[in-house]
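Notes follow the structure.
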Amino acid sequence: MSSFLHTDVKKLEDPKFKILKDSFENLKIVENLIKNIVVVTLSKQALYKDTLVIPINYGNGSDLDTINYSTQDNIFNKKDVDSLKRAAKNIDKLLSIIIPDSRFILEEKVVGVDENDERTAINLFLIKKGIKIPLTLESTGTIKLVSLLSILIVYIQNEKAIIVIDELDIHIFEYLLAVLLETMAPLAKGQLIFTGHNLLPMEKLGKDSIIIATESNDDIVYTFMKGISNSTNIRQKYLRSQALWSEDNIEPLHLNIPALNVFVKGLVLKNGN
């Protein structure tokens, strides 16, 4: 409906329709923007529900989407198969760099035709030192890494992509995550927005890329670190703010360490009695 009205409004020359015309043009911009946003919530990262579900993300031009791969539902149409094959090819190249002597492969088998469209069974494997392992039997960390690499590849290649990930650091080795971010951030065409509890990426990202979320007076305040120079270790500066209240715009943790120590000692003594 919006595209139809937009076309008609452009033909109208009466000035009183200018506001309406501008509104539909703005809606079109928002529509195109939304098409290029990928949001990865915590629930989407909960790989183990009733069955194992592995999100594989892909981007081809303006086409951004996610395909859920699992052992119980691995039959796909031709379009999804082609997208999975392109994603798997890039994941394989990147994974073999991150994990030596490893490969990521996709095996396919046509199992039928539905409404003139091929239906193909897809199986994903990792090969480590010559041993082929179904992706679904891999560790949670490896599965998360494969899924994460698929979305990071979209972030790297697609200049229109806006990737939003809640708690990016779940199940990922902190040093590996920091190195990936440090390497990709200066070169990626897209935009990556993520939350996390791991502080090591603070040492690898630019100061203008880091926003601190602080709870204050039952509200959440988002702020940048102050007094940052090129030689400042942002991670250490943040840790000091939590222990010493050294930053006037960041709320400290307020952790009562003496009380915690007394409580733990009490549990030990109680157990001994």
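As a summary of the residue check, ILE172 satisfies the conditions (1) outside any loop (DSSP other than H, G, I, E, B); (2) at pLDDT 85 or above; (3) β-branched (Val, Ile, Thr); (4) open to solvent by less than 30 Å² (accessible area, probe 1.4 Å) except for the one numbered (1).
Only one of these is in contact with a Phe, Trp or Tyr (Cβ under 9 Å, 6 or more places away or on another chain), basic (Lys, Arg) and assigned to a helix (DSSP H, G or I): ARG86, ARG103. Name it. Write out each step before concluding.
On the way: ARG103 fails: assigned to a helix (DSSP H, G or I).
Of the residues listed, the single one that is in contact with a Phe, Trp or Tyr (Cβ under 9 Å, 6 or more places away or on another chain), basic (Lys, Arg) and assigned to a helix (DSSP H, G or I) is ARG86.
In this structure, does ASP92 turn out to be in a helix (DSSP H, G or I), of a type in the set (Asp, Glu) and at pLDDT below 90? So ASP92 does not fit the description; no.
VAL179 satisfies every condition listed in (1) of a type outside the set (D, E, K, R); (2) closer than 27 Å to GLU138 by Cα; (3) touching a helix residue (DSSP H, G or I) at 6+ places or on another chain (Cβ under 8 Å); (4) surrounded by 14 or more Cβ atoms within 10 Å (Cβ to Cβ) except (3).
Filter region 63-89 down to the residues that are closer than 22 Å to LYS160 by Cβ and modelled with pLDDT under 85, then identify the one that is most open to solvent (accessible area, probe 1.4 Å). Here the residue is ASP65. Among the residues making up region 178-229, those that are small (Gly, Ala, Ser), farther than 20 Å from LEU94 by Cα and assigned to a loop (DSSP other than H, G, I, E, B) are GLY196, GLY206, GLY227, SER229.
The values are calculated or read from the model by the stated rules, or taken from the named source; none is laboratory data. Bear in mind that the values here come from a model prediction, so they are computed numbers and not experimental data. Cβ coordinates were reconstructed from backbone atoms using ideal geometry, including for glycine residues, and neighbour counts include every protein chain displayed. Surface areas here come from the heavy atoms of the whole protein model, side chains and all, with no ligands, DNA or RNA. Shrake-Rupley method; radii C 1.70, N 1.55, O 1.52, S 1.80 Å.
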